[in-house]
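Everything below concerns the one structure shown next.
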Amino acid sequence: MINYLWLVPALPLAGAAINAIFSRKMPRWLVSVLGVGSVGLSFLVALAEFFTVLGAGAQGVFNVSIYSWIPVGNFKIDVAFLLDPLSALMLLGVTGVGFLIHVYSTGYMAEDESYGRFFTYLNLFVFSMLILVLGSNYLLMYVGWALVGLCSYLLISFWFTRPAAAAAGKKAFITTRIGDFGFGLGVILIFVTFGSLNFADVFARAPQMFQLGAPIITTITLLLFAGAVGKSAQLPLYVWLPDAMEGPTPVSALIHAATMVTAGVYMVARSHVLFSLAPFSSEVVAVIGAVTALFAATIALTQMDLKRVLAYSTISQLGYMFLGVGVAAYGAGIFHLMTHAFFKALLFLAAGSVMHAMNGVIDMRQLGGLRSKMRWTYITFFAAALAISGFPLFSGFFSKDEILAQAFESGHIILWAIGLLTAGLTAFYIFRAFFLTFHTQARWTEDEGRKTESRHSPSSVVGHPSFHPHESPASMTVPLAILAVLAVVAGFVGMPSVMGPNFLEGFFAPVFGEAAAAIPAGTEWMLIGASVAVGLIGIGVAYWFYIASPEIPVNLAAQFKGIYTLLWNKYYVDEFYSAVFVEPGRRLAMFLWQVIDVQVIDGFANGLGRAMASFSGALRGWQTGYARAYALLMLVGTVIVIGWLMLR
Amino acid sequence: MPILVPDINLRIIAPALIVTVTAIVVLLGELVTPAERKRWLGYLSIAGLVVAAFAAFSLWGANASGFSGMVVADNFGLFLTLTIALSAALSILLSIPFIHAHEIDQGEYYVLLLASVAGMIVMATATDLIVIFLGLELLSLPLYILAAFQREDTRSLEAGIKYFLLGAFSSAFFLYGIALVFGATGTTNLAKIAASLAQSAGSPMLSIGVGLLMVGFAFKVALVPFHWWTPDVYDGAPTTVTAFMSVAVKAAAFGAFFRTFQFALPALALDWRAVAAVLAVLTMTLGNVAALLQSNVKRMLAYSSIAHAGYILIALVAMSANGLSSALFYLLAYTVTNLGAFGAVIALSDGARERLEIKDFAGAAREHPLVALALTICLLSLAGFPPFAGFVGKFLIFGAAVETGWAWLAVIGVLNSLVSVYFYLRPVVQMYMSEPAEGWSGIRVAPLVALALLIAVISVIALGVFPAPAIALAAGGLIR
């Protein structure tokens, strides 16, 4: 089966290529078949590959070279794929969740005029993400890394007619490129240090060449992590992700929740050999993860835009994953990545279903009471909310608990406490969103006369709007139901030792090595108890605030106006960045250009435009004026070059 | 009395010779070709270039030197010859409909272009400073005329005159440099200069000579601070001429630049490598920063071409076998990519009315999805975005720099290519993310332009995804 591994990325690429060129001339159903079918087939191949790895047990690491890509002298880089338990699980996630979201999109985007373009981008994204996951060297990983960024940009700006979408796309691209610069430098430094970019070479040489805590490894890992901070939206580069919600909701679900944003976590886990050698870097990863988790969760408390709540929630949950890989619980980090992919994709798709029904309205102040109107959406959102809150036996319960337990056990008591607090806030904000959307009184009026047309680009309806909300078509509800099942049961593959066998730990053994000694049963039960307690408290408080006594949050907001305003305005980080980086950067570029180009050159001749106008009268004047200026500058340059050569 | 038999070996200059003969045939053919058949002169020119390319192929690996060591047919020179022939052929494909639409379709256009190509090939294969100068002048003079070929357009005239004046200025520097180097070493032959310098120490006269040679090359490849002419000339010249100049001149001049400095002057490497490194930093940075602020595509591509000269200069600073092959690969990648970008710009023009402002590209993706896609691919490749030709080229050059201990230079290169993404994406944003501007309907892309664009884009993708054969060819190009 391993010989067919190339099909996994090749199928979505073929889908993207055909749709890119022919989608205008093809009927919609054919675009759908190609777009959805290619990812579906890719999923089936990935499933077969997964079982190949599973069957191989401890030998389940395969290096598949497709062809020699860049051979230079004795140094060569192949287009080669690494299939091991880590990448096999990621493949399943990307193609599986990707497939469901593609199916959902056929319903969600049904009335969009750029249907073919949407599926082209979406398939291209899946291909890029698969290259990122499968690449067996840092250069190929970088290729995937850059391409997913490009696809994300294209998809965020998909509804480019709205300036907010175009601006959001640009912001995402620029912010993540800052991180990519760090990642690129890290790759260069790896090449300088190890003379190779292949994972196998680098990871084999690193422990032989360097002691624990070697400065060069610390530098490399910090640079790589800078890339992860940008791509996975951590402090301080998280600002692009909330704005990315301007994209279509399936995109938010696939790229900005389930797959691309987790690439940073995957990269750290993939480079765990290096991070294990760099305790300082790992500590940085854990601290940034924990602080981001708390920071983003507090912002999510007050937001009124349902998708924005979910976006900050994603940032917060990614923080958990980094906390996990930062305390060397790589398996736990990836475990949470997987369960999060299910429940967060589900939350976004359910939110999309609400938008579908409510004519694009996503502001919770205009929702409410949708429980009886959209049965499937309601139930599935509820399941996902329980999962993310860490309700016992739901998937998030197991994965979050494992991260917190490992943080506690490795001696990071403060980080554990932050994580625990965040868990409580998470339960609160998600149930706040749940109650405000589906329970409480409807803040819209039933409009019997017309069936609401389905539109999704967020629209702001002023006042008390009237709708006729309806459940979404089966193409949307079936993926919701499948994801809901996964969000509920997926956790059982990684149970804590006091509750049962941990399948995932054994599965990951070929990658991350044998698991650490089990946590003492007493401690384990205590930690589980604490997690469950804060989760239940969070849910309870949300119920109390928004169902039982809805006047309390209003009073609280009034009483603590300062804090509320600070949170509502997201700590003013966007404003801060704009004032400190964006504006001065623009001015610097302008200044450089004006001084060097406009001042120096045009200063001599007052610009081409005016010279053109005075062409007839001053032919000689402007010609020699320009050329003389240039010649003078060249002469100065020549003197400097020669002077330098002579003085050395 | 012994009779001196000149060392004439026409076979090793066959490519230049074939191009020259083609130029003469086209010049004569011009007299008997009726106005409506002028395009046949273009096809004839392409045929000549194809034959010249075959001649270059047949010489592959010959490594023969001739004319008393003045010219050589080594793989380095032949690789450049092929690159130059490819760029000229693609440029002519773009030119045939372009000069017709602009009513400047005279046979002289092709004659001048071919003459310039002959000069480029001479320059790339010369192993004597005098012959390098000969090639330099032969490639430059026709270009001065071509830049001014749109006689009715004052901007074109201005470009030609400006290019000529400053070109003459830099040629004088270069020639004086040759004289001083000759004075210091007693020879103009590159191999003999290297041998002479291996034994004797440097002198102030030599330093000045080397500096002047560097200035001469720096002018031709447009390095900062010798780039001032570039934006004005590229902006004013006919778009097809700009496309041709921006790639082919770089290939020829960089070829001679590498040959002279890496092969003849390694003894002084300690000195000139530092200067070249500083020039590379200045060139990349200023090129990219200035390109950020352009609203005109031609000017943006002019500054972009300056920045690319900076990247290639890094390969010279590396001064290694891998540096040399990376430069060859980069020049080839840049040639197809930049011609693709210019080709797309030409394809989107409306007859004689060109769309050169970035805002004119609004909504192009809806009317011409394939041209928009092609332009997007080429611009991403210029930005060094994977998996296109430009990415592999940059990777090879930065890798060569890192290998030879110039990692900091590579870091500045990486930073620069990140900055460049923004301005390369601006036309893309306009094409895909804006409402269509008026006047798109009814524009047909000329078949020849479409063909050139197709060749360029396929090359850009192939050189990015399957670069191994081209890298192998470039790696065989060691200088004799």
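The protection proxy used here, the mean number of other Cβ atoms lying within 10 Å of each residue, ranks peptides A:7-18, A:217-228, A:202-213 as follows, highest first: A:217-228, A:7-18, A:202-213. Structural descriptor for chain B: relative contact order 16 percent, calculated from alpha carbon pairs under 8 angstrom and at least 6 residues apart. Cα-based values for region B:1-108, radius of gyration first and Dmax second, are 17.0, 63 Å. Across peptide A:71-79, the mean count of Cβ atoms from other chains lying within 10 Å of each residue's own Cβ comes to 5.
Please state, as a whole number in µm²/s, the translational diffusion coefficient that the Stokes-Einstein equation yields for region B:14-475 at 4 °C and 1.567 mPa s, with Rh defined as the Kirkwood radius across alpha carbon pairs.
Working: Rh = 21.9 Å.
Estimated via Stokes-Einstein, D reaches 59 µm²/s.
For region A:416-429, backbone phi angles converted through the Karplus equation (6.51, -1.76, 1.60; θ = phi - 60°) give residue-by-residue couplings of 4, 4, 4, x, 5, 4, 4, 4, x, 4, 4, 4, 5, 5 Hz, Gly and Pro being listed as x.
Helices in chain B that qualify as membrane-span-like (whole DSSP H runs, Cα extent of at least 30 Å along the helix axis, mean Kyte-Doolittle hydropathy of 0.0 or higher) are B:75-101, B:154-185, B:269-292, B:297-318, B:321-347, B:407-433. Per residue, the convex hull spanned by the Cα atoms of region B:41-156 amounts to 94 cubic angstrom.
Note: relative contact order over chain A, using C-alpha pairs below 8 Å and six or more positions apart, is 12 percent. So if we plug the beta-carbon distance of B:R37 and B:L451 into 1/(1 + (r/R0)^6) with R0 = 30 Å, what FRET efficiency do we get, rounded to 0.05? That pair, B:R37 with B:L451, gives E of 0.95. Of all beta bridges that DSSP places with both ends in the protein assembly as shown, some 90 percent have antiparallel geometry. Taking a ≥ b ≥ c as the square roots of the eigenvalues of the Cα gyration tensor of region A:55-112, is the shape rounded (a/c under 1.5), prolate (a/b larger than b/c) or oblate? Since a/c reaches 1.5 but b/c is at least a/b, the shape of region A:55-112 is classed as oblate. Within a straight-line Cα-Cα reach of under 12 Å, A:K373 can be paired with the following aspartates and glutamates, leaving aside sequence neighbours fewer than 8 residues apart in one chain: A:E446, A:E471.
In terms of overall dimensions, the C-alpha atoms belonging to region B:143-244 reach 56, 22, 18 Å along their principal axes, ordered largest to smallest.
On average over all directions, what projected area in square nanometres does region B:413-475 have, based on the convex hull of its Cα atoms? Mind dumping the intermediate values first?
Details: hull surface 28.1 nm².
Here the figure is 7.0 nm², rounded to one decimal.
Only bridges with both residues in chain A count here: give the DSSP antiparallel percent, nearest 5. Walk me through the numbers before you get to the answer.
On the way: 12 of 14 bridges.
Expressed as a percentage, antiparallel bridges in chain A total about 85.
Partner lysines whose Cα lies under 16 Å from the Cα of A:K171, excluding those fewer than 8 positions away in the same chain, are identified as A:K231.
With only Cα atoms counted, the protein assembly as shown has Rg and Dmax values of 32.0, 120 Å. Distant-in-sequence amide contacts of B:D128, defined by a placed amide H-H separation under 5 Å and a gap of 5 or more residues or a different chain, comprise B:L190. Exceedance of the 21 Å cut-off in Cα-Cα distance is limited, within the set A:K170/A:K344; A:K307/B:K359; A:K170/B:K359, to A:K170/A:K344; A:K307/B:K359. Taking every alpha-carbon pair under 8 Å whose residues sit at least 6 apart, region A:310-430 reaches a relative contact order of 29 percent. From the Kirkwood radius over Cα pairs of region A:153-296, Stokes-Einstein at 37 °C and 0.692 mPa s returns a whole-number translational diffusion coefficient of 205 µm²/s.
The fraction of all Cα pairs in region A:224-336 landing in successive 5 Å bins from 0 to the largest distance is 2, 14, 26, 24, 17, 10, 5, 2, 0, given as whole percents. Overall shape of region B:308-389 was characterised from the C-alpha gyration tensor. The equivalent ellipsoid obtained from it has semi-axes of 31, 12, 10 Å, in decreasing order. Residues B:K359, A:K171 in ascending order of nearby Cβ atoms (within 10 Å, fewest first): B:K359, A:K171.
Close amide H contacts of B:E357 (hydrogens built in the peptide plane, cut-off under 5 Å, sequence separation of 5 or more or a different chain): B:V297.
So how do A:316-326, B:423-433, B:235-245 stack up, highest first, on mean other-Cβ count within 10 Å?
Numbers: A:316-326: 29.7, B:423-433: 22.5, B:235-245: 26.5.
The packing order, highest mean first, is A:316-326, B:235-245, B:423-433.
Would region A:473-525 count as rounded, prolate or oblate if I go by the C-alpha gyration tensor, calling it rounded below 1.5 in a/c and otherwise prolate when a/b exceeds b/c, oblate otherwise?
On the way: a/c = 5.14, a/b = 2.10, b/c = 2.44.
Taking the square roots of the gyration eigenvalues as a ≥ b ≥ c, region A:473-525 is oblate.
The orientation-averaged projection of the convex hull spanning the C-alpha atoms of chain A amounts to 36.9 square nanometres.
Determine one quarter of the surface area of the Cα convex hull of region A:15-133, which equals its mean projected area, and express it in nm² to one decimal. All intermediate terms of the calculation are to be shown ahead of the outcome.
Values: hull surface 34.7 nm².
Orientation-averaged projected area of the Cα hull: 8.7 nm².
Values in this text are rule-based calculations from the coordinates and carry no lab data. Model, not experiment: these values are computed from the prediction. For neighbour counting, all protein chains shown are included, and Cβ atoms are generated from backbone atoms with ideal geometry for every residue, glycine included.
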